[in-house]
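The block underneath contains the structure these notes are about, expressed in structure tokens.
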Amino acid sequence: MKFAPALRAAALLSAVALVPAATAGMAQVESRASPEFAKLFATYQMIKSNYVEQVDDEKLIRGAIDGMLASLDPHSSFIDGGDLKRLESMIDGNYQGLGISVQMDDGAVKVVSPFKGSPAEDAGIKAGDYITHLNGELIYGLELDEAVEKMRGPSGSSVTLSLFRTGRDEPFDVTVTRGVIELEPVTHELKDGGIGYVSVNEFSRDVGRDVQAAISTMRKEAGGRLNGLVLDMRKNPGGSLDEAVALSDLFLDEGQIVSQRGRTRRDTIYYDAESVFPGDVAKGVPMVVLIDAGSASASEIVAGALQDQQRAVVMGERSFGKGSVQSLLPLTRESALKLTTARYYTPSGRSVQEGGIQPDIRVPQLSDPDAALRAKYSYRESDLRRHLVNEIDLKDEAVEADNKPDPRFTATAEELKAKGIEDFQLSYALDTLRHTRTAMAFAQPAARR
């Protein structure tokens, strides 16, 4: 509704008249803070004095904090007791629910990635889906904690999610039966031909040591020697920077793993190999790293380090493109800011922000009947509102590479299913390693940017 000119003028005059009174006690603050701070305090005073209902300070201050952080980037946020409890339940190793990683996107709940083997993945929920309703109840505009709490429930109970998926004309419903989500960061299996397979699902505590133990176990199962190794980080949304460094260090004898660079010298840190684990625990065997659009943050640090250091060939699809570092800055005993304080760079100096990690060999997931549609409407960092922009504009080039067909990969999902292939990307990686005699002989690494 538009104000009449006279009413609009009166409103403006009233606002101006209130400013001196609202800022009278601000002299000491203004001497060390931006003059713009006076507008914030004046707004607070106007609301307290004139809003149609009484508003408590906690609501106003929390709203101001959330608004400031939301104006920065999608990864900076205020964390209080509810968020901390949610993080603690993840760290404990299990909870009952759907098994999806979500974040807020302009007031809507957006799926970052379903966890591998979770009820959400089994029900067909995809990265990039918007969850609009739970059991018919609109959740748009809720705090993330509230929405997540509604998704959780006892194992065996069901919840109906209304989803909006880019590329489909109409929203649709999916019913998911909740389960016990046991967060198993590392799983492993010895494949035919003496090929070790390690899946890293998240970067929580002791991931590096868990992968080291998995490789040791598979080597014993193989009679003392592995002929190749697949490190699978698909759908891995990231986690601890320290664990990403530790995992990379497992396979590198020397050289840089990653660097982070912020506004000040104290925010610039270089992480080198040999800082955690001595030597290459895989003993130089040919190695493939699998990534996809769900591989983010810590996953991209590992993939970028092993790619730049010529230790592994990266296969799959372009990664998510989250190249920023968040620091936890305490405010009180029960609250903190998660604030973006730096960008990280691969050993060759590449920032993966927006563009992600480009695989050396782009392998589509042909065994997924919706692969072409997902590739066309993929969801990555560059799709988030207010994301940090890369210093070098790589998005168009990256998207062009995503959409470039490869004549080597023409089989249909039905044809692969008839051959018993349920995971084409993994199958291709294993076949490549089985036909490889010397490390890195089977691929010409992509040009480094």
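Quick note: the coordinates plus some simple rules give every number you see, no bench work behind them. What you see is a predicted model, and the numbers here were worked out from it, not measured in a lab. Cβ sites come from the backbone with ideal geometry, for glycine too, and all protein chains shown count toward neighbours.
In a reduced charge model with +1 at each Lys and Arg Cβ and -1 at each Asp and Glu Cβ, segment 186-434 shows a dipole moment near 440 debye about its Cα centre. Considered as an equivalent ellipsoid built on the Cα gyration tensor, segment 287-387 has semi-axes of 28, 18, 11 Å, the largest given first.
Estimate the FRET efficiency between LYS59 and GLN103 by the formula 1/(1 + (r/R0)^6), using the beta-carbon distance for r and 30 Å for R0, to the nearest 0.05.
The computed FRET efficiency comes out at 0.85.
Neighbours of GLY193, meaning other residues whose beta-carbon lies under 10 angstrom from its beta-carbon, give a summed charge of 0 when Lys and Arg score +1 and Asp and Glu score -1. Peptides 152-159, 281-288 ranked from most to least packed by the mean count of surrounding Cβ atoms within 10 Å: 281-288, 152-159. An ellipsoid equivalent to segment 186-434, defined through the eigenvalues of its Cα gyration tensor, has semi-axes of 29, 24, 15 Å when rounded to whole angstrom and sorted largest first.
Sorted on the mean count of surrounding Cβ atoms within 10 Å across their residues, most packed first, peptides 321-331, 169-179, 118-128 read 118-128, 321-331, 169-179.
Neighbour counts of other Cβ atoms within 10 Å put GLU317, GLU414, GLU189 in the fewest-to-most order GLU414, GLU189, GLU317.
Of the listed peptides 227-234, 342-349, 216-223, 382-389, what is their order by residue-averaged count of other C-beta atoms within 10 Å, with the highest listed first? Walk me through the intermediate numbers first.
Values: 227-234: 24.0, 342-349: 19.5, 216-223: 14.0, 382-389: 16.1.
So the order, starting with the most tightly packed, is 227-234, 342-349, 382-389, 216-223.
Given in Å, the Rg to one decimal and the Dmax to the nearest whole number for the Cα atoms of segment 158-316 are 18.2, 55. As a proxy for reagent exposure, SER319, SER204 were ordered by neighbouring Cβ count within 10 angstrom, fewest first; the result is SER204, SER319. Its Cα centre serving as origin, segment 79-182 has a Cβ charge dipole (Lys and Arg +1, Asp and Glu -1) of approximately 300 debye.
So what is the diffusion coefficient of segment 79-182 in µm² per second by Stokes-Einstein at 25 °C and 0.890 mPa s, using a Kirkwood Rh over Cα pairs? Show your work: numbers first, answer last.
Details: Rh = 13.8 Å.
So the translational diffusion coefficient is about 178 µm²/s.
Based on other C-beta atoms within 10 Å, arrange PHE409, PHE164, PHE320 from fewest to most.
Ranked by crowding around the Cβ, least crowded first: PHE409, PHE164, PHE320.
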